[in-house]
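Accompanying notes for the structure given below.
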Amino acid sequence: MSLALIAVVWPLWALGMTVGDRWHLFATEWFMTVTMAIGSFIAGATSEGGGAVAFPVMTLLFKIPPAVARDFALMIQSVGMTSAGITILLTGIPSERRGVLWGSLGGTLGLVLGLEFVAGHISAPYAKMLFVSL
């Protein structure tokens, strides 16, 4: 099953990189590849997500603005968790559907409310401290 997913996802990624002429980004943005390789290892070995690793590295080490790092961390978490969810569904691993439903609804509501009403009122240094401490 994993090989089938890889056979679909990697060619789509390579096509997007080619059509968007983005291969040159590896020369200047290589540090994100290394960060996410380490982040994905930590995410797979622990209950932490890759975005929880990416955010502090991006803001503290590489001085990327917190808003950009936050959006990237949320995106990488979404991609990783969606991939995990699809794998769980396709492989038939038993799960508590009600827990997933209520957790998803609460997470979606919290994300929308947080981005709309909270994120714009927190300064960059406080956003760094809050996200890193969580």
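Every read-out reported here was derived from the displayed coordinates using simple, explicitly stated rules and does not represent laboratory data. On a predicted model such as this, the values are computed, not experimentally measured, just so you know.
Values as computed for the structure displayed
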| quantity | calculated |
| --- | --- |
| Potential lengthening between residue 21 and residue 67 on full extension [0.36 nm per residue; Cα-Cα distance subtracted] | 14.0 nm |
| Of the DSSP H helices in the chain, those whose Cα atoms cover at least 15 Å axially and whose Kyte score averages 1.6 or more | 2-19 |
| Shape of the stretch 1-42, Cα gyration tensor, a/c cut at 1.5 | oblate |
| Helical mean residue ellipticity (222 nm; -39500 (n - 2.57) per DSSP H run of 4+; nearest 500) of the chain | -23500 deg cm²/dmol |
| Under 5 Å, built H, 5+ apart or other chain: amide partners of residue 49 | none |
| Rounded, prolate or oblate (a/c below 1.5 giving rounded, otherwise prolate when a/b exceeds b/c) for the chain by Cα gyration tensor | oblate |
| Global geometry of the stretch 63-134, whether rounded, prolate or oblate, following the gyration tensor of its Cα atoms and the 1.5 cut on a/c | prolate |
| Between the stretch 1-53 and the stretch 94-118, the Cα center-to-center distance that results, in Å | 25 |
